[in-house]
Every structure is written in C-alpha cells, then in structure tokens.
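Report on one structure; see the data block that follows.
The values are calculated or read from the model by the stated rules, or taken from the named source; none is laboratory data. These numbers come from a predicted model, not from an experiment. All Cβ positions, even for glycine, are placed from backbone atoms using ideal geometry, and neighbour counts span all protein chains on display.
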Amino acid sequence: MTADQHPSPPPVPLPVPAAVPASGDRRRHPAPAHLRFFHGPMDCGKSTLALQVDHNQSRQGRYGLLVTQGDRSAAPQISSRVGLSREAIEIDGATDLRLLVRDRWADGQRVDYLIVDEAQFLSAAQVDQLAELVDESHVDVYAFGLTTDFRTRLFPGTERLLEVADDVQRVQVEVLCWCGLPGLLNARVVDGVMVRSGETVVVADTAPAELPGEEGGPSPAVRYQVLCRRHHVRGELGPTAAGPGQLALP
Ligand SMILES: [Zn+2]
C-alpha cells in the first residue's frame with residue numbers, strides 16, 4: 001500500500017526566521033559595508049538615483065559625502081536632468097578617495113557613506129581605494145556611471161567597478177532608442193552623422209547636446225544620442241534626427 005510506503009512525516013519544523021539581526025543587534029554589530037555600482041547609458045537616471053540614495057540615507061541620520069567628476073554643470077554638484085541637484089566635491093584623477101574621507105574624519109566630521117557620480121571617469125586605482133574604504137573603514141559606497149563610451153567600450157572606472165563591486169545594477173529608466181527599444185549604447189553624432197572614432201573620452205561626453213565651439217571659431221556640432229544595439233551597429237539615428245532632447249514633437 002502506498003500509505004505504508006509513505007509513513008506520516010515528522011512534524012514540520014516551524015520556519016526559521018531569516019538571519020537578519022534586529023535593528024538593536026545591528027547597531028552593536030554593524031553590518032558590513034558594500035560597494036554598489038549602478039550603471040547605464042546617458043539619460044538613464046543615474047544622477048537622479050544618486051540623489052535619491054543620498055536622500056534616503058540622510059533621512060536615516062547617516063552622513064554622506066558626494067563626489068563627482070566633470071559634472072555637466074559648472075559648479076561642483078551632482079545634478080540631474082530632471083532638475084535636482086546637490087553640492088558635491090569635485091575630484092580628479094589625482095584624488096586619493098581614502099584621504100578625502102579620512103581628512104573629514106580628522107576634522108571630526110562623520111562620513112557613513114560615499115556617493116560617487118560620473119564614476120566611469122575613475123581610475124582603476126581609485127576604484128580600489130573605494131573598495132578599501134568599504135572593507136577597512138566600513139564606509140558604504142554608491143557609485144554611478146556610464147557603462148560604455150561612444151565606441152561601445154567600457155570606461156576604465158566602469159570596467160574596474162564591474163570587476164570588484166559587491167553589487168552591480170544596470171539602471172534602465174525609460175531611455176529608449178528612437179525605434180522604441182531600450183537604449184543601451186551612446187552614439188556620438190558629429191554634424192548629423194554618427195562617428196565611431198575620435199578623441200579619447202572627454203568630459204563633454206556626458207554633455208547633453210551640441211557643445212564645443214563657444215570660443216575659438218566654428219567647430220562641428222557634436223551631440224550624443226542613445227540607441228539600441230541594432231541601430232548603433234547600423235549607425236541609424238532615426239527618421240527625425242531631432243537633435244537635443246531626441247524628441248520631436250508632432
Ligand atoms: Zn533602435
């Protein structure tokens with residue numbers, strides 16, 4: 001009989017509570033810090049997300065330091081195209097991010113977390129400095145950056161972050177190619193034509209639209225456009241060629 005083959009099972013043990021310590025416990029044994037990396041194409045909402053993370057963290061009484069590099073605005077700040085902004089510390093390739101934090105501590109300032117915008121411009125060494133801050137000093141790091149340049153190659157900071165971050169998330173907030181598919185890749189457009197070679201990555205790579213040429217005579221109109229992979233491969237910019245904003249109103 002099947003009943004004999006299947007004797008009644010022993011009492012089912014009650015589910016074990018998830019191994020998440022109560023908040024009081026957490027305070028005594030701080031959770032390990034993490035290096036988190038959020039990446040995507042231009043206009044995918046990275047800076048907006050960076051500011052949202054900062055807001056959420058500071059509401060919990062935590063103190064953060066915001067750093068950026070070559071932000072699209074003149075004053076050092078993290079700004080998003082939806083109009084939010086927050087003061088930030090401008091860094092460059094020579095900045096030691098460990099010292100940046102430790103100097104604050106030396107001044108008696110608290111730094112619980114670090115928000116790094118434009119993280120694609122970090123050097124590999126600077127990414128390793130971030131990892132050291134996480135592991136040795138228990139500072140949470142949230143890094144935000146572009147995935148690839150207009151040649152579809154990883155930026156140096158992005159490459160290193162993909163290698164060492166604890167957590168990597170692709171941000172995809174309604175950046176669409178003109179065809180309606182998700183936009184994944186950044187195209188550089190010079191005088192209305194997509195180009196695949198040119199100067200090494202410069203700050204203007206994140207600028208919204210046609211820029212150079214304000215001084216020093218005429219220069220070709222350069223802009224950036226997000227495309228799906230197929231249209232990036234084909235170099236097709238779409239029927240409207242709308243230019244800045246990529247949106248042609250009927
Ligand atoms: Zn497309």
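All of (1) closer than 20 Å to Asp43 by Cα; (2) of a type in the set (Asp, Glu); (3) out of contact with any Phe, Trp or Tyr (no Cβ under 7 Å at 6 or more places or on another chain) hold for Asp149 with one exception: (3). Considered as a group, the residues in the stretch 209-241 that are within 15 Å of the ligand (Cβ to nearest atom) and at positive phi include one that is modelled with the lowest pLDDT, and that residue is Ala241. Meeting the requirement of 3 or more residues that are more than 16 Å from the ligand (Cβ to nearest atom), the strands (runs of 3 or more DSSP E) wholly within the stretch 106-208 are 113-116, 140-146, 167-170.
Kindly indicate whether any position in the stretch 69-78 is modelled with pLDDT of 95 or more and in a loop (DSSP other than H, G, I, E, B). There is no residue in the stretch 69-78 that is modelled with pLDDT of 95 or more and in a loop (DSSP other than H, G, I, E, B).
The set of residues in the stretch 127-138 that are surrounded by fewer than 24 Cβ atoms within 10 Å (Cβ to Cβ) and touching a residue at least 24 places away in the same chain (Cβ under 8 Å) comprises Asp128, Gln129, Ala131, Glu132, Leu133, Val134, Asp135, Ser137, His138.
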